[in-house]
1. Scanning region 178-202 for residues that are outside any strand (DSSP E or B), away from the ligand (no atom under 11 Å from the Cβ) and under 17 Å from the mean Cα position of the chain (by Cα), which turns out nearest to Val6 (Cα to Cα)?
2. Is it the case that Pro198 is surrounded by fewer than 17 Cβ atoms within 10 Å (Cβ to Cβ) and in contact with an Asp or Glu (Cβ under 8 Å, 6 or more places away or on another chain)?
3. Hey, can you tell me all the residues within region 8-43 that are under 24 Å from Asp178 (Cα atoms) and surrounded by fewer than 16 Cβ atoms within 10 Å (Cβ to Cβ)?
4. Pick from region 125-172 the residues that are within 16 Å of the ligand (Cβ to nearest atom) and among the polar types (S, T, N, Q): which of them is surrounded by the fewest Cβ atoms within 10 Å (Cβ to Cβ)?
5. Go through region 102-148 and count every residue that is closer than 19 Å to Leu169 by Cα, part of a loop (DSSP other than H, G, I, E, B) and not hydrophobic (A, V, I, L, M, F, W, C).
6. How many of the residues making up region 149-177 are outside any helix (DSSP H, G or I), out of contact with any Lys or Arg (no Cβ under 8 Å at 6 or more places or on another chain) and charged (D, E, K, R)?
7. Report whether or not Asp49 is under 24 Å from Val75 (Cβ atoms), in a loop (DSSP other than H, G, I, E, B) and not β-branched (Val, Ile, Thr).
Amino acid sequence: MTTAAVHVMQHPLLQHKLTLLRRKDVSTMGFRRLLHEIAMLMAYEVTRDMPTQLITIETPLETMQSPVIDGKKTVFVVIMRAGNGLLDGMLEVVPGARVGHVGLYRDPDTLQAVEYYFKMPQDMHERDAIVLDPMLATGNSAAAAVTRLKAEKPRSIRLVCLLAAPEGLQAFHAQHPDVPVHTAAVDRCLNEHGYILPGLGDAGDRLFGTK
Ligand code: URA
């Protein structure tokens, strides 16, 4: 079986902002702002090979053929709730994109993903899905979301996460070897509660100030 790629985004600006974001003394407001900025930088990296088409435009001096993307063909698929933290930054860079939502929670005992919400745009077979989940920890939620998403037959799927654990990458690719993962860092391991080490804590709680 061919295992899909793991792309670690090395851009210094992204790595710098990730360092700031990881610090435990960052406020909720600061966390949100940094994650927004990071999402914009990640959007730039993950859309690197997006197809373009030439259109005819008029510059002040002459007519030319110039490339544009068809943003509407992109669907950002948010895994709730922490995935929301990446959405606005991504939309700032690709404003025409559509948005789908997958609601999953992690059963605290089994650490398995349980689905409670699923809503996608129409005509998914014409669209490229970019799944947003900041923390690829056990990989269970992302794998369950992608399994469900595949039933809609999007043209392509890729996963964007801020941090990944080696265990999560392995578990995710065991189920979805065809889906590339784009991440800002692969951390050391998971702890016994399924948190990424060194990580940044609970992304949802830090984003929404719920703890
Ligand atoms: N979810 C989080 O928010 N943080 C982790 O470290 C693992 C899962």
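1. Pro180
2. yes
3. Val8, Gln10
4. Within region 125-172, the match that is surrounded by the fewest Cβ atoms within 10 Å (Cβ to Cβ) is Gln170.
5. The qualifying residues number 6.
6. Qualifying residue count, region 149-177: 3.
7. yes
Taken together, the values in this text are just the output of simple stated rules run on the coordinates, not laboratory data. Computed from a predicted model, the values in this text were never measured in an experiment. Every residue, glycine as well, gets a Cβ built from its backbone with ideal geometry; the counts of neighbours run over all protein chains shown.
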